[in-house]
Amino acid sequence: MPLKIRGMNAGIDDIAIFIPKPYVHYMDFAAARGISPEKLEKGIGVKAMAIPDSDEDTATMAATACLRLMKKNNLSPKDIGRIEIATECGLDQSKALNSYTIGMLEQVYGKWALAHCGGRESKFACVSGSWALRDCWTEILAGENNGKASIVVMSDIAKYDIGSPGEYTQGAGAVALLVKESPRIISLDRGVASWVISDDYDFYRPHGHKTPVVNGKYSLDCYVEQVARAFAGFKRKALETRLVRTGLNFISAIDYFAFHLPFPKMGRKALERILAEEYVEEKMAFEAPLISYLRETHGDERAIKEILKLKNSEAVFRQKVEPSVLGCAHVGNIYTGSVFLSLASIIDNERLERKDIAGKRIVFLSYGSGSSAVVYSGVIGKGHADAAGKGILMPALENRNRISIEQYEALHKGEAKAPVAEKRGQFVLEGVDGNERRNYRFIEYG
Ligand code: CAA
């Protein structure tokens, strides 16, 4: 018996993104490191890397993204019941990023304004944002949210050793999601989320290390294997729940793939792995040559063409993945927020292309080193354009500062004498006292 799932819709109603203004242009980076610019632009796919300024950290980015989300939606603190934060760059072994974030927001909204908000800091490398979203979503479906919306924030700084192969995949930023019933941007599908986990040392950052230990090539293998496994589980559940009616040409039921993107080329690698699996499965399912079998049993020329298109992964990539890589190409890796940067990129990119994406299905493919993958899906709502306004990602990329390699290296080493960028309407770190207490300040819109 197929499992039938009905009920209210919940998911992402709006998104706000904060990206630090300083960035390194890939041409400057290539020249400084003696790397071919084509390798960065085509081999990796990166155009710019966002670098946090000397007065920014994961807490200032989280709080600023949260504040922007609240202001944009005219939310008062009493509208919010929970603030969840996902990061792999926590600032303390005990004190969660939530405390710093609430403290900063209360500089704007008043002391105790958010005292009623639950939440915690979640960690599983880059995948924990998907778990934080899922927790808030299931809380709403269970009716345990006291009628209030939740905010899920992902905030991270991807920082690698100078001169290492990971260096050109750096990035930084925070993404805040407003999660509620009847969402404008995306309603998450029920009963289809699928996940896998195993004990791997592909990428990890032991206590005290400022940068990760990276087993680069192995991390690529772990990523594609885990994502392909989770996708297989997602497919099985999508068929069981009748979210998708037939496994034949399953890919055609998916309009967009929002991958975790450590660098843009990763989307292509992961897609190719998934398509290979799909194509082999389809070929194995039929003894007769594919086309004649389909003509006999299916008789639908359009479906046949769709299946044949699968063989051409370039076409699938262009249509279903390419719109999602915009953010990663201009920002770099933002770890936990990356998969949602892909979602924002799809919305902004297709708006610029004047495509109506209401009703389109997006599959999220979230990966965290160590290693685990979660795959789930949702449908774009009719109100997404209203929520996005003039764009979700684009406003975060306005007025950026292209910095020199010398400025970048000073920021990387923590040796910058003063902040590089001028700031308005954001939180900054004023300093850390002798007891390791961090002092933050809000810079007015001005
Ligand atoms: N023109 C065009 N392309 C070129 C080129 C040129 N002149 N020179 C090289 N290339 C291509 C290569 O052919 C290669 O393409 P393919 O991958 O399609 O084969 C690509 O550029 C990369 O070059 P290399 O194979 O030489 O790889 P590298 O030594 O530069 O390392 C990396 C790449 C392993 C991703 C490295 O950047 C790294 O370690 N990054 C950090 C770890 C990472 O991001 N892992 C991803 C999975 S783990 C994860 O997702 C969690 C997370 O967020 C970290």
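The values are calculated or read from the model by the stated rules, or taken from the named source; none is laboratory data. What you see is a predicted model; the values in this text were computed from it and never measured. Virtual Cβ from ideal backbone geometry, glycine too; neighbours counted across all protein chains shown.
Per-structure values
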| read-out | value |
| --- | --- |
| Any chance ILE12 is buried (at least 24 other Cβ atoms within 10 Å of the Cβ), within 15 Å of ALA396 (Cβ to Cβ), at pLDDT 95 or above and not aromatic (Phe, Trp, Tyr) | no |
| Within the stretch 130-176, tally of residues that are within 12 Å of the chain's Cα centre (by Cα) and among the acidic types (Asp, Glu) | 1 |
| One residue from LYS417, LYS355, LYS390, LYS311 being basic (Lys, Arg) and at pLDDT 95 or above | LYS355 |
| Residues (more than 16 Å from the ligand (Cβ to nearest atom) and over 30 Å from SER150 (Cα atoms)) located in the stretch 178-231 | HIS207, GLY208 |
| Subset of the stretch 122-138 [surrounded by fewer than 21 Cβ atoms within 10 Å (Cβ to Cβ) and either more than 16 Å from the ligand (Cβ to nearest atom) or without any contact (Cβ under 8 Å) to a residue 24 or more places away in the chain (or both)] | ARG134, ASP135, THR138 |
| Some residue of the stretch 154-176 being within 27 Å of GLY81 (Cα to Cα), among the charged types (D, E, K, R) and away from the ligand (no atom under 14 Å from the Cβ) | no |
| Close pairs from the stretch 263-292: first at pLDDT 70 or above, partner of a type in the set (Val, Ile, Thr) and not in a helix (DSSP H, G or I), Cβ under 7 Å, at least 6 apart | PHE263/VAL46; PRO264/VAL46; PRO264/VAL325; GLY267/VAL325 |
| Meets criteria (more than 28 Å from ALA228 (Cα to Cα), within 16 Å of the ligand (Cβ to nearest atom) and either surrounded by 22 or more Cβ atoms within 10 Å (Cβ to Cβ) or modelled with pLDDT of 95 or more (or both)) for GLY119 | no |
| Odd one out for ALA149, checked against (1) within 16 Å of the ligand (Cβ to nearest atom); (2) under 26 Å from LYS95 (Cα atoms) | (1) |
| Residue selected from the stretch 356-372 under the condition surrounded by 12 or more Cβ atoms within 10 Å (Cβ to Cβ) and either free of Cβ contacts under 8 Å to residues at least 24 places away in the same chain or among the β-branched types (Val, Ile, Thr) (or both), by the criterion farthest from ALA230 (Cα to Cα) | ASP356 |
| Matching option when the condition is touching a helix residue (DSSP H, G or I) at 6+ places or on another chain (Cβ under 8 Å), of a type in the set (Lys, Arg) and within 25 Å of MET49 (Cα to Cα), among ARG424, ARG402 | ARG402 |
| Lone qualifier among THR138, THR101, THR169 - being touching a Pro at 6+ places or on another chain (Cβ under 9 Å) and either small (Gly, Ala, Ser) or closer than 23 Å to LEU341 by Cα (or both) | THR169 |
| The stretch 41-64, residues that are more than 8 Å from the ligand (Cβ to nearest atom) and not in a loop (DSSP other than H, G, I, E, B) | ALA48, MET49, ALA50, THR58, ALA59, THR60, MET61, ALA62, ALA63, THR64 |
| Residue match in the stretch 69-92 (condition: farther than 30 Å from GLU181 by Cα, assigned to a loop (DSSP other than H, G, I, E, B) and more than 16 Å from the ligand (Cβ to nearest atom)) | yes |
